[in-house]
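Working notes, structure below.
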Amino acid sequence: MHYADLILPVPLQGLFTYAIPEGMSVRVGMRVLVPFGRNKTYMAIVAKVHDVKPEGYQVKPIAQVMDEEPIVTERQLQLWQWISDYYLSPIGDVYKAALPSGLKAEEGYKPKTETYIRLTAQYCNVTALHIALNVLGRAPKQLEAFTAYLELSHWDEMEDGVKPVEVTREELLNASHASAETLKQLEKRQMLETYEVEVGRLNHSGEYRPELIQLLSEAQQTAYNAILMSMMKHRVTLLHGVTSSGKTEIYIHLIKRALERKEQVLYLLPEIALTVQMMQRLQRVFGNRLGIYHSKYSDAERVEIWQKQLSKNPYDVILGARSAVLLPFQQLGLVIVDEEHETSYKQQDPAPRYHARSAAIMLAQQQGAKVVLGTATPSMESYHNAKTSKYGLVELTERYKSIELPEIQVVDIADLQHRKMMAGPFSPLLLTKVREALERGEQAILFQNRRGFAPMIECRQCGWVPRCQHCDVSLTLHRQLNQLTCHYCGYTYRVPTECPCCGSTDLRTKGYGTEKIEEQVREVFPEARVARMDLDTTRTRNAYERIITDFSAGRTNIMIGTQMISKGLDFDKVSVVGILNADTMLNYPDFRAYEHAFMMMAQVSGRAGRKGRRGLVILQTKQKDLPVIQQVVRNDYTSLYKSLAAERQAFHYPPYYHLVYVFMKHSHDDVVNTAGIEMGSRLRQWFGGRVLGPDKPSVAKVKSQNIRKLVLKLENGIDMKRVRKYLLLAQSQMLADKRYASLQIYYDADPL
Ligand code: ADP
Ligand code: ZN
Ligand code: ZN
């Protein structure tokens, strides 16, 4: 009798053994259907085939084999296992994260489509449009929806021969507040019509055209050569190049070289930086040898890419976000992790809480490939590895065309507030500089790392602040939606008109979110066209792309945004960047606050003056004397690194120590409280003083689940295998206790 150890898509540790019925051909990496529990059927992946009969239970047979050939390679399975071990998450969770759902579902997949809206052919001219607008004069709702369409598609400023921008139905509904019924009426009048587009279809156009690759500048060529040198000695090379130094151009040359050597390339970007702008830049050169793997693409497309990568004719270059590291590769020679410092490379929820940079390095090691990590602001970890010669280090200190890095002027808003000279969130200097930029026909970016209208409202009489019923946080006011929102669970509440504690009606908003900034910018600069880029305005991929294209085409003059605007965007005409309030980042209660604040400020600053004249950054803060502010001003990463490194070493933090957070969650606070204490003392038996806590995290309740957190600080070089063994042992001992039957225990290894 033969048996197969299977990976099931369930959050349980370990593999599950099933019997292979006589005559069934089962190989590692194939999908099989198996019964599980009383009446469930799961699609499982074969991890191992053997003839060791499991003892002590009745082995069930595999019901059906789904594949003739494996759809997961043995190397992929090894990587899954590594992720499962290192990040302490069940391998079933890795399987769920890795495989596109079309390959997981029992019935296969349907391509996902999105509904778009356009003018019917007979209304595609100015005369007909005027007639339409006249006719709709008596139907105000339809008129509103119709004009909203014209605006979104830019029909209102159409020049000859230019195609209108495509508008999705959802976008139009959001933008115009129109109802589905109103749109139907416009369709009935045969003014608008709908059409379906498969989501995320790639245009597989074009051949590989190496002749389009730009020549490298002297500085870039030197860096390129240094990378090749470094690759001979090191698996991983860190390319530390200032913003707009042309790192992307260097990657393109590295990719070209890999293709000449018949090697595959994986090019990872943070999700948010995977813009049409970026895709086109690569597609233009690499044409149909480039595949793009994006979580926002249709499942059909992702299944297609997965299968193509297994075929005899795979894409040579894969450009993708985090999960692309989980694709099959046959001949991988080079992995590029662009913006390697980006925290979105780490998956937060659900498990596996893996870091794509670490997984990429493992993948490269497995396949004998080289890794280039690129960034203007390295993570402490990567820079430490470079400084200790674990990684190679290549520095590129000048911008392309030797354009100077922006000048950064610090504005002391504490002083200005004291002298009553602030205009809301704006200092006089900022307003002057933005006005001057607009007069010169240039653009400005205003950065405020809080979305919504105001981070909280407060009763002026008694100090009452509305809080979420399900989470331990105060609520954010969203004025356009006219509601209070919890940014942790998404629950929304009515905006109160009076204080439930004292009855006062004097409720004031506190602080500034991007929505309020936008409102005030519109007041101060009524002639400017203003856009806002944050989670609320970019719910659809389309909306996100539109904000970027409008801004880079100069259709908008001022862009307000959260950290989203700092992500590798390449605009030509931005001459002024305003950082409205550095303090919220600096005061964040986390050991990485300064590291992240520096990155964020250096990256947004990097959007200024990329072409032509030197840019200007106005940095508003109440803590102008903090060393980190001066480090941002001088763009002095080395000094930031030195000061942080000393601190991290002294207090046992990364990169000198490994952190593992142990989280416990339960609906009852007293249960999770005793569980935390008990888990803590269990772990102390083995790990002693390396265990801290339990503590309440800064948000101690989310979605009605109370949370406790233990911190493990582990010296580099400690035997992680044993650490994991003890952690899982403690976990199983805890969960065997009836009191903790519904307790959740999970881990975050190398938390960010
Ligand atoms: P980074 O990735 O370092 O921020 P980019 O690669 O985006 O920088 O380069 C910044 C800008 O300069 C881009 O618009 C890019 O097209 C241009 N650029 C950089 N290097 C070259 C080159 N060698 N030839 C032509 N244009 C270049
Ligand atoms: Zn009150
Ligand atoms: Zn909540």
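The values are calculated or read from the model by the stated rules, or taken from the named source; none is laboratory data. Only a predicted model underlies this, so the values are computations on that prediction, with no experimental measurement involved. No Cβ is skipped: glycine too gets one built from the backbone with ideal geometry, and neighbour counts run over all protein chains shown. Surface accessibility is based on the protein's heavy atoms, side chains included, excluding ligands, DNA and RNA. Shrake-Rupley method; radii C 1.70, N 1.55, O 1.52, S 1.80 Å.
The phi-based Karplus calculation (6.51 cos²θ - 1.76 cosθ + 1.60; θ = phi - 60°) puts the 3J(HN,Hα) values of region 689-697 at x, 6, 9, 10, x, x, 10, 7, x Hz, whole numbers, x for Gly and Pro.
Could you give the dipole magnitude of region 378-528 about its Cα centre, charging the beta-carbon of Lys and Arg +1 and that of Asp and Glu -1, in debye to the nearest 20? Can you show the working numbers first?
Numbers: 19 positive and 19 negative charges, 70 e Å.
The dipole magnitude comes to about 340 debye.
Put M720, M191 in order of accessible area, highest first, and with a 1.4 Å probe you get M720, M191. The alpha-carbon atoms of region 1-157 define a convex hull whose volume equals 217 cubic angstrom per residue.
Looking at the square roots a ≥ b ≥ c of the eigenvalues of the Cα gyration tensor of region 464-534, which shape do they give, rounded for a/c under 1.5, prolate if a/b is larger than b/c, or oblate? Oblate is the answer for region 464-534, as a/c is 1.5 or above yet b/c matches or exceeds a/b.
Note the full-extension length gain between R479 and E144 as 0.36 nm times their separation in residues minus their Cα-Cα distance, in nm to one decimal. Write down the numbers at each step before the final one.
Values: separation 335, 0.36 × 335 = 120.60 nm, distance 2.09 nm.
The R479-E144 span can extend by a further 118.5 nm.
Mind listing the long-range amide H neighbours of A321? Cut-off is under 5 Å, sequence gap 5 or more, other chains count too, H placed in the peptide plane at 1.01 Å from N. When sequence neighbours closer than 5 places are left aside, the close amide H contacts are L269, Y293, S295.
Shown for region 194-351: the carbon plus sulfur share of the solvent-accessible area, taken with all protein chains present and a 1.4 angstrom probe, equals 49%.
Would you mind calculating the gained length between Q348 and R467 on full extension (0.36 nm times residue separation, minus the Cα-Cα distance), in nm to one decimal? The partial results should precede the final answer.
Values: separation 119, 0.36 × 119 = 42.84 nm, distance 2.39 nm.
Here the answer is 40.5 nm.
For every helix of n ≥ 4 consecutive DSSP H residues, a contribution of -39,500 (n - 2.57) applies; sum these over the chain, divide by its total residues, and give [θ] at 222 nm rounded to the nearest 500 deg cm²/dmol. Don't jump to the answer; show the numbers that get you there.
Working: 23 runs with 254 residues, N = 752.
Using -39500 (n - 2.57) per qualifying helix, the result is -10000 deg cm²/dmol.
Taking a straight line from the alpha carbon of K390, these aspartates and glutamates sit under 13 Å away, with near neighbours fewer than eight places off in the same chain left out: E381.
Extension gain for N716 to D695 (0.36 nm times residue separation, less C-alpha to C-alpha distance): 5.2 nm.
Dipole of the chain computed with +1 at Lys/Arg Cβ and -1 at Asp/Glu Cβ about the Cα centre; of V126, S176, T397, farthest Cα towards the positive end is T397.
Need one number: % antiparallel among DSSP beta bridges in the chain, to the nearest 5. Intermediate values should be presented prior to the final figure.
Values: 61 of 113 bridges.
Rounded to the nearest five, the antiparallel share is 55 percent.
About its Cα centre, what dipole magnitude does region 601-752 give when the only charges are +1 on Lys and Arg Cβ and -1 on Asp and Glu Cβ, stated in debye to the nearest 20? Spell out each step's value before the answer.
Numbers: 26 positive and 12 negative charges, 130 e Å.
With Lys and Arg at +1 and Asp and Glu at -1, about 620 debye.
Computed from phi, the 3J(HN,Hα) profile of region 371-377 under the Karplus parametrisation 6.51, -1.76, 1.60 (θ = phi - 60°) reads 10, 10, 9, x, 5, 8, 9 Hz, with x in place of Gly and Pro.
Each of the GluC sites (Glu not before Pro) that DSSP puts in a loop and that has at most 14 other Cβ atoms within 10 Å breaks the chain; the longest unbroken stretch is 528-752.
Could you give the accessible area per residue of region 37-93, probe 1.4 Å, as a whole number in Å²? All intermediate terms of the calculation are to be shown ahead of the outcome.
Details: 3260 Å² over 57 residues.
That works out to 57 Å² per residue.
Rolling a 1.4 Å probe over the protein chains gives H668 an accessible area of about 100 Å². Here the chain was treated as a single set of alpha-carbon atoms; its pair distances binned every 20 Å from 0 give 14, 45, 36, 6, 0 percent.
Ranking S732, Q190, L430 by how far each Cα lies toward the positive end of the dipole of the chain (charges on Cβ) leaves S732 at the top. Among the protein heavy atoms, those of L133 account for about 60 Å² of accessible surface (1.4 Å probe, every chain in place). Close amide-amide hydrogen proximity is noted between V410 and L619, each under 5 Å apart and 5 or more residues distant or on a separate chain (H modeled in the peptide plane; Pro and chain starts excluded). Note on H418/N225: beta-carbon distance plugged into 1/(1 + (r/R0)^6) with R0 of 51 Å gives a FRET efficiency of 0.40. Sequentially through region 299-314, phi angles give Karplus couplings (6.51, -1.76, 1.60; θ = phi - 60°) of 4, 4, 5, 5, 4, 4, 5, 3, 5, 5, 5, 8, 7, 6, 10, x Hz, Gly and Pro residues having no value and appearing as x. Among the chymotrypsin sites (Phe, Trp or Tyr not before Pro) within region 608-662, those in coil by DSSP and having at most 13 neighbouring Cβ atoms inside 10 Å are F651.
Summarising the amide proton neighbourhood of K370: residues at separation of 5 or more, or on other chains, whose placed amide H is nearer than 5 Å comprise L334, V335. For region 2-104, the share of accessible area belonging to carbon and sulfur comes to 51 percent (1.4 Å probe, ligands and nucleic acids excluded).
About the Cα centre of the chain, what is the dipole size in debye to 20, counting +1 per Lys and Arg Cβ and -1 per Asp and Glu Cβ, all else neutral? Numbers along the way, then the final one.
Working: 95 positive and 83 negative charges, 244 e Å.
Charge dipole of the chain: 1180 debye, to the nearest 20.
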